[in-house]
Amino acid sequence: MVYLDLVLVGFGHVGRRFARLLQEKHVRLRGDYAISWRVVGISTRRHGTAFDARGLDIEKALKLVDAGLSLGQLAQPDAVRPLGPEATGLALIRHATAETRRRQMQQLVVVETTLLDIKAGQPATDHVAAALRGGAHVVTANKGPVAFAYRELNAAAAGARRQFLFEGAVMDGVPIFNLVRETLPAAEIEGFRGVINSTTNFILTAMEAGRSYQDALADMQQAGIAEADPSFDVDGWDAAAKTAALINVLMHGAVTPHAIDRTGIGGITMDRVLEAIGRGKRLRLVATGERRDGHPVGRVAPVELDAGDPLAQLTGMQNLLVLRTDVLGDVGIHQLDGGLTQTAYALLADLIAIARASTQE
């Protein structure tokens, strides 16, 4: 049996869906994968922080946050509670890693699901670095650490003999990074092209059906896919961060989202969408990675595609990434459905990968 202590840094939509998925898959995790888990720490921006080395009541945590209440009520009355409810995620990680060493607790895994800061990938990058430095494994759905500091964090993980996994950072739970790492040995990724932002694809295909930009965006916001401030998606920043992550991991680059040539869909009108259709074209926000003068570069921009192009045929929230390889030619990864459950599943899959690796040491 592999025993894992979990610290959840971030407990928003994705973090809470992950917690519920842990509960739903508890019997399967224990029976099929010999994994026993407990959540010992949770940190949120709006609902405070809680830590108890003996384990927190995750069902109570979900109810408290759903009700808009503080997590300060979670720890048992006789628990040692040096962390106040106002403690930051970084403070929780440092405390949890220190307690793990002092108490010789189970293997610690930090699950990082805070919101991406597109300026510098913080505080998520610091969270990952502190966890690895303290001897914890890390799984994250946050694009920031991979898009801003992949080389440094990957080296830190290797030096600490810990896992740093991030399958949920691009295209939810579709195993892009695992696919290349585990099933394409010795293959070189020479480039890629794809539609990798669900919100913009939903908006563009809704406009093709005659719906307004604002109505389609409102649907994405109501579903919790797009934020109240949609600029991150519609201005192309989300796709740029994913493009940087793909370049850094798959093409051995060292770029940030700010190095990606970026144009969003904010200026696209219904007239332009319908004019493209009249010419047998379809508008899609396309992310590309390629090598120029030996260096990988990326671009995100609306592109008019032939109607028969696989990317042009994507509708709604569908995504597709096409990897250009040196030995297999083009390999496409098509996501027909995406959302919170798929992203939460990526975290769960990474957790299982950590457990499997620990049994092989």
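The values are calculated or read from the model by the stated rules, or taken from the named source; none is laboratory data. Since the structure is predicted, the reported quantities are computational estimates derived from the model, not experimental observations. Note that we place each Cβ from the backbone using ideal geometry, even for glycine, and neighbour counts take in every protein chain shown.
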Requested in this report: Kindly check whether there is at least one residue in the range 226-244 that is surrounded by fewer than 19 Cβ atoms within 10 Å (Cβ to Cβ), assigned by TED's automatic domain parsing to the domain that holds Arg193 and either of a type in the set (Ser, Thr, Tyr) or part of a strand (DSSP E or B) (or both).
Outcome: yes
Report task. Being part of a loop (DSSP other than H, G, I, E, B) and among the charged types (D, E, K, R) is the filter here, so list the residues in the range 7-61 that pass it. Result -> Lys25, Arg45, Arg46, Asp52, Arg54, Asp57
Report summary line: Of the residues in the range 154-187, those that are among the charged types (D, E, K, R) and farther than 22 Å from His334 by Cβ number 2
**Report entry** Residue ID - surrounded by the fewest Cβ atoms within 10 Å (Cβ to Cβ), chosen from residues in the range 278-309 that are free of Cβ contacts under 8 Å to residues at least 24 places away in the same chain and not small (Gly, Ala, Ser)
**Finding:** Asp293
Query - Verdict on Leu311 being of a type in the set (A, V, I, L, M, F, W, C), in a strand (DSSP E or B) and at pLDDT 95 or above - result: no
Requested in this report: Quickly run through the range 175-204 and pick out the residues that are surrounded by fewer than 23 Cβ atoms within 10 Å (Cβ to Cβ), of a type in the set (Val, Ile, Thr) and in contact with a Ser or Thr (Cβ under 8 Å, 6 or more places away or on another chain).
Outcome: Ile189
